[in-house]
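Worksheet: one structure, shown below.
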Amino acid sequence: MNEYPLDAFLFYRSYRESLNGMTQKDQLATLLAIIDYALYGVEPTLKAKIPAAVFTVARPIVDANNARRAGGKKGGRPKKKTLGFPDEESIGFENEKPDALYNKEIKNEKEPPNSPPRGKRERFTPPTVEDVAAYCLERQNGIDPEEFVSFYASKGWKVGTSPMKDWRAAVVTWEKKRAKETSPEPESAKRGRLVVDENGEEVAVFDG
């Protein structure tokens, strides 16, 4: 059995995360309940449901750690490696492994509701006409946003046979294609035709 008050106890990350969503008053009440119980063995009198529920979950973990601490002081198996406390304050963990209750608690933890799926790319969302118009106005490329959206909507937002990944990149492609089509054709690219001059010789004539 532990001799209170204790000098220290393990405070897990899950304790802190369980305070999320509480009012400051309930957060303080929950923290003091865990601390006073772990260090002084004081039974809390929590009236609010959420703080009481959090303490109910934390209590067996605190009890298990304190039991290990008491067992370490009485002897038992020789300690191999502790968490850095002096020998007289060791809580009895070996090889820096937490107790089975803590392992079970971590295993049951879920990802935060707003965290993105691991290993998955962000899903493509087709732009609106307003989105494309704003981007084209920013680039001053003269592309018709309604034509752009209608064109790719009719193709199921695919580029060739592949699903579109970045509509802004497609706008830039349209922009380059438009610039190429509207640029004047160089003299070397003009097509010529052969005609026979007044001397009966064939000569190349370029129109335009």
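The requirement of being under 17 Å from TYR12 (Cβ atoms), modelled with pLDDT of 90 or more and either of a type in the set (Val, Ile, Thr) or buried (at least 16 other Cβ atoms within 10 Å of the Cβ) (or both) is satisfied by LEU39.
When the residues of the stretch 13-40 are narrowed to those that are touching a Pro at 6+ places or on another chain (Cβ under 9 Å) and of a type in the set (Ser, Thr, Tyr), which ends up farthest from VAL62 (Cα to Cα)? That would be THR30.
For the stretch 42-55, taking the residues that are part of a loop (DSSP other than H, G, I, E, B) and among the charged types (D, E, K, R), the one that is surrounded by the most Cβ atoms within 10 Å (Cβ to Cβ) is identified as GLU43.
Only residues that are more than 19 Å from ASN66 (Cβ to Cβ) and assigned to a loop (DSSP other than H, G, I, E, B): list them for the stretch 1-33, please. SER18, LEU19, ASN20, GLY21, MET22, THR23, listed by residue number. Listed by first and then second residue, the pairs linking a residue in the stretch 160-187 that is within 14 Å of ARG139 (Cβ to Cβ) and of a type outside the set (Lys, Arg) to a residue that is part of a loop (DSSP other than H, G, I, E, B) and modelled with pLDDT under 90, with Cβ atoms under 7 Å apart and 6 or more places separating them unless they lie on different chains, are VAL171/ILE143; TRP174/ILE143; GLU175/ASN141; GLU175/ILE143.
Cβ-Cβ under 9 Å, sequence separation 6+ or interchain: first residue in the stretch 45-56 and without any contact (Cβ under 8 Å) to a residue 40 or more places away in the chain and within 14 Å of GLU17 (Cβ to Cβ), partner surrounded by 10 or more Cβ atoms within 10 Å (Cβ to Cβ) and of a type in the set (Phe, Trp, Tyr). Which pairs? Between residues of the stretch 45-56 that are without any contact (Cβ under 8 Å) to a residue 40 or more places away in the chain and within 14 Å of GLU17 (Cβ to Cβ) and residues that are surrounded by 10 or more Cβ atoms within 10 Å (Cβ to Cβ) and of a type in the set (Phe, Trp, Tyr), the close pairs are VAL54/TYR15.
In the stretch 56-71, the condition of being surrounded by 14 or more Cβ atoms within 10 Å (Cβ to Cβ), among the polar types (S, T, N, Q) and at pLDDT 90 or above is met by no residue. Identification of helices (runs of 4 or more DSSP H) wholly contained in the stretch 96-208 with 1 or more residues that are modelled with pLDDT under 60 and within 30 Å of THR56 (Cβ to Cβ) yields 100-107.
The values are calculated or read from the model by the stated rules, or taken from the named source; none is laboratory data. Predicted model, so just to flag it, every value in this text is computed and none were measured. So basically every Cβ, Gly included, is an ideal-geometry build from the backbone, and we count neighbours across all protein chains shown.
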